[in-house]
Amino acid sequence: MARIEKQMEKLGERQQQLHDEMAAASEAVDLDRLRALQAELDDVDAQLAELEETWLEAGELVE
């Protein structure tokens, strides 16, 4: 579970970085950059959701 939590933490940090980068790209009206960042954010969100599900399942096995 600790490994999963570490991965979740890293993905959470990447989410925040992407949000910050998107805000900067938004101010610069860089639509291509915004699209690329959104695609990466969607991927990170999907990975995080999968890890959260794995973490919950692992927690149930421990109980």
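Please verify whether residue 7 is surrounded by 14 or more Cβ atoms within 10 Å (Cβ to Cβ), in contact (Cβ under 8 Å) with a residue 12 or more places away in the chain and at negative phi, treating the condition exactly as stated.
Answer is yes for this residue.
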Taking the residues in the stretch 10-34 that are at pLDDT 95 or above and among the basic types (Lys, Arg) as candidates, determine which candidate is surrounded by the fewest Cβ atoms within 10 Å (Cβ to Cβ). 10
Counted residues in the stretch 1-44 being under 25 Å from residue 61 (Cβ atoms) and of a type in the set (Asp, Glu) come to 2
Using beta carbons and a limit of 6 Å, which pairs, at least six apart or on different chains, have the first residue in the stretch 50-61 and closer than 10 Å to residue 7 by Cβ and the second one part of a helix (DSSP H, G or I) and not hydroxyl-bearing (Ser, Thr, Tyr)? 51/4; 51/7; 51/8; 54/4; 55/4
Among the residues of the stretch 41-50, is there at least one that is among the β-branched types (Val, Ile, Thr), modelled with pLDDT of 95 or more and surrounded by 16 or more Cβ atoms within 10 Å (Cβ to Cβ)? yes
Of everything in the stretch 19-47, what is of a type in the set (Val, Ile, Thr) and in contact with a helix residue (DSSP H, G or I) (Cβ under 6 Å, 6 or more places away or on another chain)? Give them in sequence order. 44
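The values are calculated or read from the model by the stated rules, or taken from the named source; none is laboratory data. Not measured: the values here are computed from a predicted model. With ideal geometry, Cβ positions are generated from the backbone for all residues, glycine too; neighbour counts draw on all protein chains shown.
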